[in-house]
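Trainee: Could you have a look at this structure, given as structure tokens, before my questions?
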Amino acid sequence: MNLKMNWKSIGSATAIALVLVACNKDNNGLSPEEEIIAAEDNQTIIDETEAIFSYNDELFGGLSSLRQSAEAGADSAGNPGQRPLKGDKCATVSRKESGGIITVVVDYGTVKECEGKKVGGKMTIQIPVKLPKEATGLFTQSITYENFQHGPRTINGKHTVNIVLENGRLVTKENFTETSITTENGKTIVFNSTKTRKTDAKGTPLNLSDDEILVTGNTTATGSDGKTFKSTITKAITAKIACKGTNGLFPVSGTIEIERPDKPKAVVDYGDGTCDRTYTITSDGKTVTKTGK
């Protein structure tokens, strides 16, 4: 047997070996370039959309208690349908009514540091004074984000919030369309998302501290790496009010299934209800643990 090999043949063998390694790596699932990036991008979408929902909720003193109409509620001056808005030392907050529409604008202007966070851009909220007769909801908001920043990320796009009554309980339906998030490192995530949000009072409606927020829905997105994915909440994502002081309402339980074309599915699991900020990503039999920011 002739074992003599020249440098050219050695180079060819090395190249073949590298190709085989690359192919094996591509088939192993849970590679950083694929499932992990998709799961983390999906988490960024959850973090940002929950943050702006919370800000919006606080702006009005609680969406679930608000019926912004000519018949209900009044501000300190007695103007109907105009309950006091939360002050924001970093923004100009204005409200006007014209043509049956109440418009609220939160304008930070150019990006700046204020009260320990980056803020910038504008959020515009429009609410009908009286809902049309054919409306199915109790309360509707149409929201537009223009380079809106209330923290490390910037969001652009359209957001609707509709509160409806289902089986005697208030349920929030949300839609994000043509929405983009620019992350801390300058990457862009583009997505459309539909959410349903319910509050479980745990049988004690007068005690808010034991309430749980349950979110279901799905998202389609182009991730920060330019690749598409779809995420579906397969078990309601749950946040506990009791955990707010320790994990900032980060999900404590629930599962999400993430799909990418021609790749193994990934499952994100938020755990057993413990007040922490950890979650796992499992794909193709492999699991990694992540900590939310």
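Trainee: Which numbered condition trips up residue 155, out of (1) under 24 Å from residue 196 (Cβ atoms); (2) without any contact (Cβ under 8 Å) to a residue 60 or more places away in the chain?
Mentor: Unmet for residue 155, out of (1) under 24 Å from residue 196 (Cβ atoms); (2) without any contact (Cβ under 8 Å) to a residue 60 or more places away in the chain: (2).
Trainee: Within the set of pairs 6 or more residues apart or between chains, which connect a residue that is surrounded by 11 or more Cβ atoms within 10 Å (Cβ to Cβ) inside the stretch 90-106 to a residue that is assigned to a strand (DSSP E or B) and among the small types (Gly, Ala, Ser) with Cβ atoms less than 7 Å apart?
Mentor: Qualifying pairs under 7 Å: 105/94.
Trainee: For a quick check of your reading of the model, give me the residue pairs whose first member lies in the stretch 181-208 and is without any contact (Cβ under 8 Å) to a residue 24 or more places away in the chain, whose second is in a loop (DSSP other than H, G, I, E, B) and surrounded by 16 or more Cβ atoms within 10 Å (Cβ to Cβ), with beta-carbon atoms closer than 8 Å and at least 6 apart or on different chains.
Mentor: 200/211; 201/211; 202/211
Trainee: Quick check: anything in the stretch 190-212 surrounded by 15 or more Cβ atoms within 10 Å (Cβ to Cβ), under 19 Å from the mean Cα position of the chain (by Cα) and farther than 23 Å from residue 270 by Cα?
Mentor: Yes, because at least one residue in the stretch 190-212 is surrounded by 15 or more Cβ atoms within 10 Å (Cβ to Cβ), under 19 Å from the mean Cα position of the chain (by Cα) and farther than 23 Å from residue 270 by Cα.
Trainee: Taking the stretch 251-264, which residues are without any contact (Cβ under 8 Å) to a residue 60 or more places away in the chain and either closer than 21 Å to residue 289 by Cα or touching a His at 6+ places or on another chain (Cβ under 8 Å) (or both)?
Mentor: 252, 253, 254, 255, 257, 259
Trainee: Step by step: first the residues of the stretch 245-261, then only those that are charged (D, E, K, R) and in contact with a helix residue (DSSP H, G or I) (Cβ under 9 Å, 6 or more places away or on another chain), then the one that is surrounded by the fewest Cβ atoms within 10 Å (Cβ to Cβ). Which residue is that?
Mentor: Residue satisfying both the conditions and the ranking: 259.
Trainee: Right, here's the next one. Filter the stretch 164-179 down to the residues that are open to solvent by less than 40 Å² (accessible area, probe 1.4 Å), of a type outside the set (S, T, N, Q) and within 17 Å of residue 50 (Cβ to Cβ) and list them by number.
Mentor: So the first thing to find is which residues in the stretch 164-179 are open to solvent by less than 40 Å² (accessible area, probe 1.4 Å), and the list is 164, 171-172, 174, 176, 179.
Next cut, of a type outside the set (S, T, N, Q) only: 164, 171, 174, 176.
Passing the criteria: 171, 174, 176.
Trainee: Tell me, please, whether a residue that is open to solvent by less than 20 Å² (accessible area, probe 1.4 Å), without any contact (Cβ under 8 Å) to a residue 40 or more places away in the chain, in a strand (DSSP E or B) and in contact with a Gly (Cβ under 9 Å, 6 or more places away or on another chain) can be found in the stretch 274-292.
Mentor: No, that holds for no residue.
Trainee: Would you say residue 57 is out of contact with any strand residue (DSSP E or B) (no Cβ under 7 Å at 6 or more places or on another chain), buried (at least 17 other Cβ atoms within 10 Å of the Cβ) and either among the charged types (D, E, K, R) or at pLDDT 90 or above (or both)?
Mentor: yes
The values are calculated or read from the model by the stated rules, or taken from the named source; none is laboratory data. No experiment lies behind these values; they were computed from the predicted model shown. Note that each Cβ is placed from the backbone with ideal geometry, even for glycine, and that neighbours are counted across all protein chains shown. Heads up: the accessible areas ignore ligands, DNA and RNA and are worked out on the full protein's heavy atoms, side chains in. Shrake-Rupley method; radii C 1.70, N 1.55, O 1.52, S 1.80 Å.
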